[in-house]
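The values are calculated or read from the model by the stated rules, or taken from the named source; none is laboratory data. No experiment lies behind these values; they were computed from the predicted model shown. When we count neighbours, we look across all protein chains shown, and the Cβ atoms used for this are built from the backbone with ideal geometry, even at glycine. Quick note on the areas: whole protein, heavy atoms, side chains included, nothing else; ligands and nucleic acids left out. Shrake-Rupley method; radii C 1.70, N 1.55, O 1.52, S 1.80 Å.
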Amino acid sequence: MGSNNISEDTGEKMETVYHNIAPVYDKNSRILILGSFPSVKSREAAFFYHHPQNRFWKVLAAVAGKELPGTIEEKREFLLAHHIAVWDVIASCTIHGSSDASIRDAKPNDLSKILDTASIQKICTNGGTSWKLYRKYQMPLTGLEPVRLPSTSPANAAWSLERLVEAWGKEIGAAAMMR
């Protein structure tokens, strides 16, 4: 999975980790949602936003006006049915647990396989870290400006589920997901 070392800044155990989740997309995907890097729980399950407190799936279901998908296969089917592609900006990095703030030595994913296959009309980032990392590593290659959405992470406690649904709905509303 990776190698371990100690951060000189914080004294925390840092681990070099490699992305282990394949992107979800097909030729009909119109919206690409990018996270920064999978959480520990997501890496363990080998699927996106698997931490039970992450509100990603609740937000998307509410925006689409659909039931919350439960299994990984239901989540994959939900994304494809709503023309949503999901992946992360980073392919590997040194990180402490699931902390975006601790990300070091980031290596970007190659988004070209999605962008060359799908009909992506909008790229959205799930939170500030993915937005910054996308702008640093991906935007020079894609030329596409990302839309910064508020993070669905439980660490973003300042945003209620209702506020997240409203903000995400403005950018990836049900109409955009159904086209």
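State all residues of the range 104-148 that are of a type in the set (D, E, K, R) and either surrounded by fewer than 17 Cβ atoms within 10 Å (Cβ to Cβ) or without any contact (Cβ under 8 Å) to a residue 12 or more places away in the chain (or both); if no residue qualifies, say none.
As a first pass, look at the range 104-148 and keep what is of a type in the set (D, E, K, R): 104-105, 107, 110, 113, 116, 122, 132, 135-136, 145, 148.
Listed by number, the residues that qualify are Arg104, Asp105, Lys107, Asp110, Lys113, Asp116, Lys122, Lys132, Arg135, Lys136, Glu145.
Checked against the criterion of being open to solvent by 70 Å² or more (accessible area, probe 1.4 Å), part of a strand (DSSP E or B) and closer than 28 Å to Lys13 by Cβ, the range 151-171 contains not a single residue that satisfies it.
List the helices (runs of 4 or more DSSP H) inside the range 1-81, counting only whole elements, that have at least 3 residues being over 21 Å from Pro154 (Cβ atoms) and either open to solvent by 50 Å² or more (accessible area, probe 1.4 Å) or at pLDDT below 95 (or both).
Working: elements: 40-45, 56-64, 72-81.
The qualifying helices (runs of 4 or more DSSP H) are 72-81.
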